[in-house]
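> Have a look at this one.
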Amino acid sequence: MPGNLISCDNDTNTIYRHDGISSNILNSFSSPSGTPSGLTFDGLNLWSCDKDGDSIFKHDGISETILDSFSTPKADPLGLTFDGSNLVSCYYYADLIYLHSGLSDVISSSFSSPSPEPSGLTFAEGNLISASNDTNSIFKHSGVSEEILESFSSPYQSPFGLAFDGSNLISCDITGNKIYKHSGISSQISDSFASPSGTPYGLTFEEVGC
């Protein structure tokens, strides 16, 4: 589907809006706090989380203007996604994934991540996708649950942010500082490019004209 990748950078504390899924940058702005570590898009507004400030921020559209913010249920949030109704977040040292009630700080349920150090989340074709920095693995969950339908090894070390463009998984590598477009939801890579600067920590996809 048409749209633009959005990435955040741990070194420059900057959020970048890409031109499609490419290294070309349409615009960028400073993150609202310290260390941006996870992104998601709810169809109207960008959401970001900060692993040092332990906060989740609701942006005004895709801009640095903040409409709302709240504290995360655990320290060190590293992944954030939207399942069409609810936020989902994950926490690096707690090894936990939380389902929020709508777009709020209220938690409706939680479960253990399939592998230690959960480092990225996205929602694809009705299922949660998570990444683990500890095992360099990517997991396809059954819905938003602890049950795993399948998993595969990341094609590189240290998978962090994840996104889904409607057809393909997108991931980023904090060791090689690159962004990868997968072939479907698999370990096969169809394209890759350097991150706009420093160390990419989070990704999401902005649908346009759908």
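The values are calculated or read from the model by the stated rules, or taken from the named source; none is laboratory data. Just so we're clear, the structure is a prediction, and the values are computed from it rather than from any experiment. Note that we place each Cβ from the backbone using ideal geometry, even for glycine, and neighbour counts take in every protein chain shown. Accessible surface areas use protein heavy atoms only, side chains included; no ligands, DNA or RNA. Shrake-Rupley method; radii C 1.70, N 1.55, O 1.52, S 1.80 Å.
> I'm trying to understand the selection: among the residues of the range 1-40, which are assigned to a loop (DSSP other than H, G, I, E, B), in contact with a Cys (Cβ under 9 Å, 6 or more places away or on another chain) and either within 11 Å of residue 195 (Cα to Cα) or free of Cβ contacts under 8 Å to residues at least 60 places away in the same chain (or both)?
Correct list: 31 only.
> Taking the condition closer than 18 Å to residue 19 by Cβ, touching a residue at least 24 places away in the same chain (Cβ under 8 Å) and not aliphatic (A, V, I, L, M), does residue 173 pass?
In short, no.
> In the list 151, 192, 187, which residue meets the criterion of being surrounded by fewer than 21 Cβ atoms within 10 Å (Cβ to Cβ), outside any strand (DSSP E or B), at negative phi and of a type outside the set (Phe, Trp, Tyr)?
Details: 151 fails: outside any strand (DSSP E or B); 192 fails: outside any strand (DSSP E or B).
So the residue among 151, 192, 187 that is surrounded by fewer than 21 Cβ atoms within 10 Å (Cβ to Cβ), outside any strand (DSSP E or B), at negative phi and of a type outside the set (Phe, Trp, Tyr) is 187.
> Just checking, does the range 101-115 include any residue being in contact (Cβ under 8 Å) with a residue 40 or more places away in the chain, open to solvent by 20 Å² or more (accessible area, probe 1.4 Å) and under 12 Å from the mean Cα position of the chain (by Cα)?
No.
> Could you tell me whether residue 121 is crowded, with 21+ Cβ neighbours inside 10 Å, under 22 Å from residue 50 (Cα atoms) and touching a Cys at 6+ places or on another chain (Cβ under 8 Å)?
yes
> Among residues belonging to the range 41-65 that are touching a Lys or Arg at 6+ places or on another chain (Cβ under 9 Å) and free of Cβ contacts under 8 Å to residues at least 40 places away in the same chain, point out the one that is least open to solvent (accessible area, probe 1.4 Å). Write out each step before concluding.
Let us first name the residues in the range 41-65 that are touching a Lys or Arg at 6+ places or on another chain (Cβ under 9 Å), namely 42, 45-48, 54, 62.
Now drop any that are not free of Cβ contacts under 8 Å to residues at least 40 places away in the same chain, which leaves 45, 54.
Numbers: 45: 21, 54: 44 Å².
Out of the qualifying residues, it is 45.
> So the check is Cβ under 6 Å with 6+ separation or different chains; which pairs have a first residue in the range 67-80 that's part of a loop (DSSP other than H, G, I, E, B) and a second one that's open to solvent by less than 10 Å² (accessible area, probe 1.4 Å) and not acidic (Asp, Glu)?
Close Cβ pairs satisfying both conditions: 72/56; 74/91; 76/91.
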